[in-house]
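Visitor: Starting off with a structure, shown below.
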Amino acid sequence: MISVNGNQANSLIQVRGLDKTYRRGNEDIHVLQGLNLDVDQGDFVAFMGPSGSGKTTLLNLLGGLDLPTRGSVTVAGDEITHMSRRRLTQWRARHVGFIFQMYNLIPVLTALQNVELPLLLTRLSRAERRRHVETALAIVGLSDRMQHFPRQLSGGQEQRVAIARAIVADPTFLLCDEPTGDLDRKSADEVMDLLQRLVNEHRKTVLMVTHDPLVARIAKLTLHLEKGVLVEAGARQDAAAGAVS
Amino acid sequence: MLLKLLFGLGLALAAAAALLLLLLIVGGILAGLLAPFLGAVPVSYNFRSLRVRWASTLVAILGIAGTVGVFVAMLSLAHGFHATLVASGSPGNALVMRAGSTSEMMGGITLDSIRIVQDKPGVAHTPAGAPLVTQEVVGVIPIPLIRTGTDTNVQVRGVSANVLQIRKFVQLAQGRMFTPGLDEVVVGKNALQTYRGLALGDTLHFGGVRWKVVGIFNAGGSAFDSEIWCDARILSQVLQRPPDIFQSATVHLTSPAAFQRFKDAITSDPRLNLEVEREVDYYANQSSTMTRLITVLGGLVALIMAVGAVFGALNTMMAAISERGREIATLRALGFSSWNVVLSFLFESLLIAFIAGLLGCLAVLPLNGWTTSTMNMQSFSNVAFAFQITFGLLSLGVAFALVMGVLGGLLPAVRAARRPVALALREL
């Protein structure tokens, strides 16, 4: 169940009283203000809102890429806001799968090597890593593109490689920052189908930032961020969507 | 008092800073070289990145390679000069000069003293019982260089007829040895190749005498190869020196181990006011001024070039990091630590430096054995010597390149690793 009231006790991701303030010159810019959020495993949440509303900042805080000014983020029982930088890096490697708008693949590495990157931080053997990579690439339908470099792939394929990279280490949740923002409609649909499959078939938890209402509709719930506050929550009419408070 | 304290404090701080820098360099080199085993970022990432950015990589490589080339060339020059002079001495020979003389040019030893010396213990004798001692006179004469036609000082050495039994590494390559009492000379092979009019059969004019070149000798690349040898007594007359005074005597010992016994016998004899040195030590000392000069001057040139090369490497690595800001931020987001990023970029920088070091060494390798000449500050005469590039010098060149690689790569690597990930991702 997804909630923005901060009243869930056992959700996978618990955000409580999250504030993020940046200082620009003499001015304090409050990007997020007292934000609460609960997300359970298998949920698919879309965050929408105008530019500067704090969507990406929220995603960065959830993914341990940035630290809040106030408040807490707890994932699977781990309170990440007080972790050291080193522990946070390790936590990120174990729990978060990132999917970026521009795919962020390493151009000089093949699809296989790109997908293998998160596994290099584990104790898996070379053969085990290879098996995991093949599985991830099979899930995204790119088993035949393993030895291709990013420049040899289409945008949609690149994003699917990025999704394979995000899921290969079986993270606790996926964070997607405008995953279809750089794709044409057909490729965007393919990517969204893939994300939906990951949620429905593999019970992945996905939190996604998007500007595209068509893309947001695929999520179980769309939350709107305006001036740093989650002001609106709209339940998808889909029967599969969970209860919304 | 306060000034002294401040000076001491400054000195201590400078020493600490130097130690820190040394640790940083050594640590950086070790960490960078071990990066494939210590870090998680695959090295194929670095190899391929260098290939993709081949132009800037090439510029950095050329900068470092040039510096390494100059560095190794200068060291090989100094090494060659040192080796040439050291080769002139034999450990089984002792050089006897007047006490207080710093070189043969300033020496003076009477025939009476030489007679006493040759009876001392440790002096080797021929089977016929003659002592193996050569009393010598040295002078410099102007002879034109083949290359430029300008006069240069050439050392002419008056020796005893038995000199080849004392300096056993000297071999006659052409012709014959001079005949004692005649105006004949034998010429070192480097002298033959460097100065005009010294071919076998040529006549040489100096000191009002016409000297006939009757032989060419090979002194194994030592400083003697740049000399002209003749009868010591005749040279002494020509140079208008007192007839019974020589400048040095070289004694062949029964064995190198006999040196101390021989030396003690000379220095404890109240009739003699002489100094004894192993011949090899004498020539090593002779080379020190010039070797130091070449090393310091060469080192300075290499240092100045190194500063430029370090900035070149720094610039390349900065550009690489700036171009790959997205990749670095992505790696950090995926869970690669700052340490992994530092190691990866250090490895890349060292890779550039290593290739450049090898290239620089290869570039100067053809200089090995190439003969040049310079003025020996002790004898004021021209000495021909060859660049000597040894494995040690090449290793030093590669190590120098690695130092430049660390200095050029460490700062950008740390900068890349410390950049906040969220900020780096946002600015892309």
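Visitor: Six or more apart or on different chains, Cβ under 6 Å: which pairs go from a residue in the range A:73-92 that's without any contact (Cβ under 8 Å) to a residue 12 or more places away in the chain and more than 22 Å from residue B:331 (Cβ to Cβ) to one that's outside any helix (DSSP H, G or I) and hydroxyl-bearing (Ser, Thr, Tyr)? Could you list them?
Guide: Listed pairs, sorted by first residue: A:79/A:72.
Visitor: Has the range A:158-171 got any residue that is out of contact with any Leu (no Cβ under 8 Å at 6 or more places or on another chain) and either within 14 Å of chain B (Cβ to nearest Cβ) or free of Cβ contacts under 8 Å to residues at least 12 places away in the same chain (or both)?
Guide: Yes, that holds for at least one residue.
Visitor: Run residue B:335 past the list (1) of a type outside the set (Ser, Thr, Tyr); (2) on the phi < 0 side of the Ramachandran plot; (3) open to solvent by less than 40 Å² (accessible area, probe 1.4 Å) and report the number of the one that doesn't hold.
Guide: In the conditions (1) of a type outside the set (Ser, Thr, Tyr); (2) on the phi < 0 side of the Ramachandran plot; (3) open to solvent by less than 40 Å² (accessible area, probe 1.4 Å), residue B:335 misses (2) alone.
Visitor: Considering only residues that are facing another protein chain (nearest Cβ under 9 Å), over 19 Å from the mean Cα position of the chain (by Cα) and more than 13 Å from residue B:42 (Cα to Cα), which ones fall in the range A:89-114?
Guide: Matches in the range A:89-114: A:107 only.
Visitor: Check B:342, B:307 and return the single one that is over 34 Å from the mean Cα position of the chain (by Cα), among the β-branched types (Val, Ile, Thr) and assigned by TED's automatic domain parsing to the domain that holds residue B:60.
Guide: Answer to the selection: B:342.
Visitor: Oh, and also: Right, residue A:81: over 29 Å from residue A:114 (Cα atoms), among the β-branched types (Val, Ile, Thr) and away from chain B (no Cβ under 11 Å) or not?
Guide: no
Visitor: A further question follows. Testing residue B:373 on (1) part of a helix (DSSP H, G or I); (2) at pLDDT below 90, one condition comes back false. Which one is that?
Guide: Every condition holds for residue B:373 apart from (1).
Visitor: Please pick out the residue among B:275, B:323, B:327 that is within 33 Å of the chain's Cα centre (by Cα) and among the acidic types (Asp, Glu).
Guide: B:275
Visitor: Tell me yes or no: at least one residue of the range A:134-142 is open to solvent by 10 Å² or more (accessible area, probe 1.4 Å), farther than 23 Å from residue A:44 by Cβ, at pLDDT 95 or above and more than 13 Å from chain B (Cβ to nearest Cβ).
Guide: Within the range A:134-142 (the criterion being open to solvent by 10 Å² or more (accessible area, probe 1.4 Å), farther than 23 Å from residue A:44 by Cβ, at pLDDT 95 or above and more than 13 Å from chain B (Cβ to nearest Cβ)), the answer is yes, since at least one residue qualifies.
Visitor: Among the candidates B:145, B:172, single out the residue that is open to solvent by 50 Å² or more (accessible area, probe 1.4 Å) and aliphatic (A, V, I, L, M).
Guide: Among B:145, B:172, only B:172 is open to solvent by 50 Å² or more (accessible area, probe 1.4 Å) and aliphatic (A, V, I, L, M).
Visitor: I want to confirm something. Restricting to the range B:313-326 and keeping residues that are farther than 23 Å from residue A:150 by Cα and surrounded by 24 or more Cβ atoms within 10 Å (Cβ to Cβ), which single residue is farthest from the other protein chains (Cβ to nearest Cβ)?
Guide: B:313
Visitor: Report, by residue number, each residue of the range A:41-78 that is within 11 Å of another protein chain (Cβ to nearest Cβ) and of a type in the set (Asp, Glu).
Guide: Within the range A:41-78, A:66 is the sole residue that qualifies.
Visitor: Got a number for residues in the range B:327-367 being within 9 Å of chain A (Cβ to nearest Cβ) and farther than 21 Å from residue A:119 by Cβ?
Guide: Total meeting the criteria: 0.
Visitor: Working carefully through the options B:290, B:317, find the one that is touching a His at 6+ places or on another chain (Cβ under 9 Å), among the hydrophobic types (A, V, I, L, M, F, W, C) and at pLDDT below 80.
Guide: Going through B:290, B:317 in turn, just one is touching a His at 6+ places or on another chain (Cβ under 9 Å), among the hydrophobic types (A, V, I, L, M, F, W, C) and at pLDDT below 80: B:290.
Visitor: Of (1) out of contact with any Pro (no Cβ under 7 Å at 6 or more places or on another chain); (2) open to solvent by 10 Å² or more (accessible area, probe 1.4 Å); (3) touching a residue at least 12 places away in the same chain (Cβ under 8 Å); (4) within 7 Å of chain B (Cβ to nearest Cβ), residue A:117 satisfies all except one. Which?
Guide: Result: residue A:117 passes all but (2).
Visitor: Of the residues B:389, B:355, which single one is assigned to a loop (DSSP other than H, G, I, E, B) and of a type in the set (A, V, I, L, M)?
Guide: Sole residue among the options that is assigned to a loop (DSSP other than H, G, I, E, B) and of a type in the set (A, V, I, L, M): B:389.
Visitor: Okay, next question. How many residues does the range B:404-428 hold that are in contact (Cβ under 8 Å) with a residue 60 or more places away in the chain and buried (at least 20 other Cβ atoms within 10 Å of the Cβ)?
Guide: The total comes to 13.
Visitor: Which one of these is at pLDDT 95 or above and assigned by TED's automatic domain parsing to the domain that holds residue B:122: B:266, B:245, B:216?
Guide: Exactly one of B:266, B:245, B:216 is at pLDDT 95 or above and assigned by TED's automatic domain parsing to the domain that holds residue B:122, namely B:216.
Visitor: Go through (1) in contact with a Ser or Thr (Cβ under 7 Å, 6 or more places away or on another chain); (2) within 22 Å of residue B:77 (Cβ to Cβ); (3) open to solvent by 30 Å² or more (accessible area, probe 1.4 Å) for residue B:290 and report which single condition fails.
Guide: (3)
Visitor: Do you know which residues across the range A:120-133 are within 14 Å of chain B (Cβ to nearest Cβ) and surrounded by 17 or more Cβ atoms within 10 Å (Cβ to Cβ)?
Guide: Within the range A:120-133, A:120, A:121, A:129, A:133 meet the criteria.
Visitor: Next question. Identify, from the list A:182, A:193, the residue that is modelled with pLDDT under 90 and open to solvent by 70 Å² or more (accessible area, probe 1.4 Å).
Guide: The conditions single out A:182.
Visitor: Quick test for you: out of B:401, B:386, B:356, pick the one residue that is modelled with pLDDT under 85 and open to solvent by less than 40 Å² (accessible area, probe 1.4 Å).
Guide: B:386
Visitor: When you scan the range A:200-222, how many residues do you find that are of a type in the set (Ser, Thr, Tyr) and either assigned to a loop (DSSP other than H, G, I, E, B) or at positive phi (or both)?
Guide: Matching residues across the range A:200-222 total 1.
Visitor: Something else: Against the definition (basic (Lys, Arg), touching a residue at least 24 places away in the same chain (Cβ under 8 Å) and surrounded by 13 or more Cβ atoms within 10 Å (Cβ to Cβ)), how does residue B:241 come out, yes or no?
Guide: yes
Visitor: Counting residues that are exposed (fewer than 15 other Cβ atoms within 10 Å of the Cβ), on the phi > 0 side of the Ramachandran plot and in contact with a Ser or Thr (Cβ under 8 Å, 6 or more places away or on another chain), which strands (runs of 3 or more DSSP E) fully inside the range A:1-114 reach at least 1?
Guide: A:13-24
Visitor: Taking the residues in the range B:40-83 that are within 14 Å of chain A (Cβ to nearest Cβ) and farther than 20 Å from residue B:355 by Cα as candidates, determine which candidate is modelled with the highest pLDDT.
Guide: Selected residue: B:41.
Visitor: I would also like to ask the following. Taking the range B:143-177 on its own, how many of its residues are assigned to a strand (DSSP E or B) and in contact (Cβ under 8 Å) with a residue 24 or more places away in the chain?
Guide: Residues flagged as assigned to a strand (DSSP E or B) and in contact (Cβ under 8 Å) with a residue 24 or more places away in the chain within the range B:143-177 amount to 16.
Visitor: State all residues of the range B:389-428 that are among the charged types (D, E, K, R) and within 14 Å of chain A (Cβ to nearest Cβ); if no residue qualifies, say none.
Guide: B:418, B:419, B:426, B:427
Visitor: In the range B:107-121, is there at least one residue being of a type in the set (Lys, Arg) and over 28 Å from residue B:242 (Cα atoms)?
Guide: No, there is no match, as no residue in the range B:107-121 is of a type in the set (Lys, Arg) and over 28 Å from residue B:242 (Cα atoms).
The values are calculated or read from the model by the stated rules, or taken from the named source; none is laboratory data. Computed from a predicted model, the values in this text were never measured in an experiment. Counting neighbours? That spans all protein chains shown, and the Cβs are built from the backbone with ideal geometry, glycine included. Heads up: the accessible areas ignore ligands, DNA and RNA and are worked out on the full protein's heavy atoms, side chains in. Shrake-Rupley method; radii C 1.70, N 1.55, O 1.52, S 1.80 Å.
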